[in-house]
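Undergrad: I have a structure I would like to understand better, so I am pasting it below and will then ask my questions one at a time.
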Amino acid sequence: MPTQEVPITMEEKVENHEERIKALEDYQQIQEKLNQEIKSQLLATENTVLKESGKQQEMTQKLLDHVLEEDKEDRKTSRDRKTYTQQQFWKVAGLICGSGSVLYLLLEKFIN
């Protein structure tokens with residue numbers, strides 16, 4: 001058997017319409033509260049990301065400074081080592097040349 005619809009009066013329609021509008025307004029308020037919570041959470045997340053990004057940049061800059069300082073020290077040490085080696089070479093060369101002359105003179109005296 002088919003169910004019969006009960007005719008709705010105009011007053012019932014208007015009252016039902018008011019209930020639906022009220023339900024929609026309540027739903028809209030709930031959605032606005034949720035949207036506000038989401039905005040505040042996104043803002044907190046953004047602040048956290050910005051703060052961590054700043055820390056990361058600071059750490060990267062410290063690392064870069066450290067690497068560049070080490071490179072500068074390595075180059076200075078290498079330059080100092082090269083200078084020392086050259087000085088020692090010329091000292092030995094000077095000694096060899098100087099002692100060669102003395103040896104020559106000694107040998108010349110013994111031979112004569």
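The values are calculated or read from the model by the stated rules, or taken from the named source; none is laboratory data. Keep in mind the model is a prediction, meaning the values are calculated, not measured. Glycine gets a Cβ as well: all are built from the backbone with ideal geometry, and neighbour counts include every protein chain shown. Quick note on the areas: whole protein, heavy atoms, side chains included, nothing else; ligands and nucleic acids left out. Shrake-Rupley method; radii C 1.70, N 1.55, O 1.52, S 1.80 Å.
Undergrad: Find the accessible area per residue for the chain; the probe is 1.4 Å, ligands and nucleic acids are left out, and the unit is Å².
TA: 101 Å²
Undergrad: Also, quick follow-up: Along Cα→Cβ, 7 Å out, is where each label goes; now give me the distance between the ones at LEU95 and HIS66 in nm to one decimal.
TA: 4.3 nm
Undergrad: Shifting gears a bit: How big is the Kirkwood radius of the chain, worked out from every pair of different alpha carbons and given in Å to one decimal? Walk me through the numbers before you get to the answer.
TA: Details: mean 1/r = 0.0405 Å⁻¹.
This gives a value of 24.7 Å.
Undergrad: If you stretched the chain out fully between ILE8 and ALA44, how much longer would it get, using 0.36 nm times the residue separation minus the C-alpha to C-alpha distance? Walk me through the numbers before you get to the answer.
TA: Numbers: separation 36, 0.36 × 36 = 12.96 nm, distance 5.16 nm.
Stretched out fully, the ILE8 to ALA44 stretch lengthens by 7.8 nm.
Undergrad: So how much slack lies between ILE21 and LYS109, counting 0.36 nm per residue of separation and subtracting their Cα-Cα distance, in nm?
TA: 18.7 nm
Undergrad: Kindly express, to the nearest 10 degrees and within the range 0 to 90, the angle between helix 10-111's C-alpha long axis and the longest C-alpha principal axis of the chain.
TA: Long axis of 10-111 versus the principal axis of the chain: about 0 degrees.
Undergrad: If you roll a 1.4 Å probe over the chain with all protein chains in place, what percent of the accessible area is carbon or sulfur? Write out the running numbers ahead of the final one.
TA: Numbers: 6810 of 11310 Å².
Answer for the chain is 60 percent, counting heavy atoms of protein chains only.
Undergrad: Give the residue from GLN87, ILE38, CYS97 lying farthest towards the positive end of the charge dipole for the chain; charges sit on Cβ (+1 for Lys and Arg, -1 for Asp and Glu) and the dipole is referred to the Cα centre.
TA: In the chain, that residue is CYS97.
Undergrad: How many lysine pairs does the chain hold where the Cα atoms are under 25 Å apart and the two sit 8 or more places apart or on different chains?
TA: 10
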